[in-house]
1. Being farther than 30 Å from A:Ser60 by Cα and among the hydroxyl-bearing types (Ser, Thr, Tyr) narrows it down to one of A:Ser145, A:Ser104, A:Ser132, so name that one.
2. List every residue pair whose Cβ atoms sit under 8 Å apart, with the two residues 6 or more apart in sequence or on different chains, where the first one lies in region A:244-263 and is under 16 Å from A:Ile76 (Cβ atoms) and the second, anywhere, is hydroxyl-bearing (Ser, Thr, Tyr) and part of a loop (DSSP other than H, G, I, E, B).
3. Which residues, taken from region B:124-135, are touching a Lys or Arg at 6+ places or on another chain (Cβ under 7 Å) and either surrounded by 23 or more Cβ atoms within 10 Å (Cβ to Cβ) or among the hydrophobic types (A, V, I, L, M, F, W, C) (or both)?
4. Checking the structure you have, find out if any residue of region A:90-98 is modelled with pLDDT of 90 or more and out of contact with any strand residue (DSSP E or B) (no Cβ under 8 Å at 6 or more places or on another chain).
5. Scanning region B:162-172 for residues that are surrounded by fewer than 16 Cβ atoms within 10 Å (Cβ to Cβ) and either on the phi < 0 side of the Ramachandran plot or of a type in the set (S, T, N, Q) (or both), which turns out nearest to the chain's Cα centre (by Cα)?
6. For the condition within 29 Å of B:Asn119 (Cα to Cα), part of a loop (DSSP other than H, G, I, E, B) and among the charged types (D, E, K, R), what is the one hit in B:Glu97, B:Glu17?
7. Of A:Ile76, A:Ile148, A:Ile84, which residue is in contact with a Ser or Thr (Cβ under 7 Å, 6 or more places away or on another chain), at pLDDT 95 or above and closer than 23 Å to A:Ile34 by Cα?
8. Restricting attention to region A:173-229, and to residues there that are of a type in the set (Ser, Thr, Tyr) and more than 8 Å from chain B (Cβ to nearest Cβ), which single residue is surrounded by the fewest Cβ atoms within 10 Å (Cβ to Cβ)?
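The values are calculated or read from the model by the stated rules, or taken from the named source; none is laboratory data. The shown structure was predicted, so the numbers you read here are calculated from the model rather than taken from an experiment. Here the Cβ is made from the backbone with ideal geometry for all residues, glycine too, and neighbour counts use every protein chain on show.
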There are 2 protein chains.
Amino acid sequence: MAKRLSYLGPAGTYSEEAALLYDPHAELIPCPTIPTVCRAVSDGNADEGIVPIENSIEGSVVYTLDYLISETELSIFNEVVLPIQHCLMVRPGAGVEGIRRIYSHPQSLAQCRHFIEDNFPLAEPIASLSNSAAVNDMMDSEVLSAAIAPQRAAELYGAEVIGRGIQDVTNNVTRFVLLGWEDHLPTGNDKTSFSFAFDEDAPGSLYNALGIFATRDINLVKIESRPTKESLGRYNFLVDCEGHRESPLVREALRALELQVSSLKVFGSYPWWNDSSRS
Amino acid sequence: MAKRLSYLGPAGTYSEEAALLYDPHAELIPCPTIPTVCRAVSDGNADEGIVPIENSIEGSVVYTLDYLISETELSIFNEVVLPIQHCLMVRPGAGVEGIRRIYSHPQSLAQCRHFIEDNFPLAEPIASLSNSAAVNDMMDSEVLSAAIAPQRAAELYGAEVIGRGIQDVTNNVTRFVLLGWEDHLPTGNDKTSFSFAFDEDAPGSLYNALGIFATRDINLVKIESRPTKESLGRYNFLVDCEGHRESPLVREALRALELQVSSLKVFGSYPWWNDSSRS
């Protein structure tokens, strides 16, 4: 039976591309928000949910981080790293000449600003609610138009792709995490994600916490601070470290950490997307 | 003579509100992008430039962070913390009945989703390129419409505000930094922002670096990692610490840090926005 996979819809977005990259055979369930993606899993309507967690240009999807820290009881089961390839698309056969409008989500328009200025200096950029909606808007437009959207949206709406990878910054990837009831069994090439906070904002707290990992030669892959909702000067720290939480070393480190912090939440252990994402 | 202040335009955006909050008498110079805001200062066309650096809901403006890390030679001279108050506005006298469209930047529409669903379940959300453009679009609309934008945009375009603070999450603030040729003189209530990176990704590197501050009882206000452009597993670390870089303690710490890292860039020291931003 196909796995039921909830994702941030609608169809034709990068989230759907990531879901298909993760499992081309999954039954995809589009949801309007990150909480509803997770609730689909909690309520048993999906087996796993996929949500974006960070983009190399835009940074962390803090809504996902905050939801992991304080809302959901789901675990991170896996990850997917999707290269973001903005495509330029038109109505089939329309060609590139005389394009007067370019539809897309404002973020994508901004990421392709130089491309637009260099190639379509006379076209007017028009905002759409999503990259997927942009293709709809373009197909319905009364003047000759183009849309900037993922390849997948062209397939869905019958548009013709006339340019690929048109974003100004080439190193544009988004990391997604898969959420489920349990995290992943050890594979020998894993990382572990967790968050922690301190009751008192003592100068050496974070240093001492990191010392637990440094003295055990456990590499930290990522560290980030997120303000707690309570007050501006207090933080939750989010860390990814190398190794599975069931390995003796990581297990011992997490136990030691628990004694030093006021709260610790382990989101889960899961395999690296693949080796090319490591170097 | 009024200070010339470049900001991320157009007029009527939160960046303009922040610029006016910082200096109501400044001569404001709108610029289309963060690099052009900075270039206005470098080229002598502005005395200072103001750029957004983090929002409590959306997280860091990584574009600004990356620009500070690797592009600009300007220093952080000051900061401004602006409460984000989304306002609902209409054509003067139009009232709230029968609104069929709500224009805004997709991010603002998302931040007000519950408000819209609860109060205008039949209205269609329409994307605009900026909050400021949304007010224009609303004023020009052929059907009864509203826009979600800052108060300032209503003043500029002659719209009438019929609701204030309509965002679903109340704790929504954006921190802006002022960039200039030099940072700020010590005031006794300062912080210092800097970034550093390591040649080798050794497990204990970050721990040892933070130890320099912990052993001197220097409080770290914020810590964040940003992937370097070179490869996915390597990071620049961005830290805000308490104290001015000219204070003996911080100066000594930064000197010690310089010996442990492959690169260190001090963005500057500047006063906290005000005491209410600290607790």
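1. Numbers: A:Ser104 fails: farther than 30 Å from A:Ser60 by Cα; A:Ser132 fails: farther than 30 Å from A:Ser60 by Cα.
Within the list A:Ser145, A:Ser104, A:Ser132, the selection yields A:Ser145.
2. Listed by first residue and then by second, the contacts come to A:His244/A:Thr187.
3. B:Ile126
4. yes
5. For region B:162-172, the residue satisfying everything is B:Asn171.
6. Numbers: B:Glu17 fails: part of a loop (DSSP other than H, G, I, E, B).
Of B:Glu97, B:Glu17, the one residue that is within 29 Å of B:Asn119 (Cα to Cα), part of a loop (DSSP other than H, G, I, E, B) and among the charged types (D, E, K, R) is B:Glu97.
7. A:Ile76
8. Applying the first criterion (of a type in the set (Ser, Thr, Tyr)) to region A:173-229 yields A:174, A:187, A:192-193, A:195, A:205, A:207, A:215, A:225, A:228.
From the residues that got through so far, the ones that are more than 8 Å from chain B (Cβ to nearest Cβ) too are A:174, A:187, A:192-193, A:195, A:205, A:228.
On the way: A:Thr174: 21, A:Thr187: 11, A:Thr192: 26, A:Ser193: 25, A:Ser195: 22, A:Ser205: 22, A:Thr228: 16.
Once the filter is applied, the top-ranked residue is A:Thr187.
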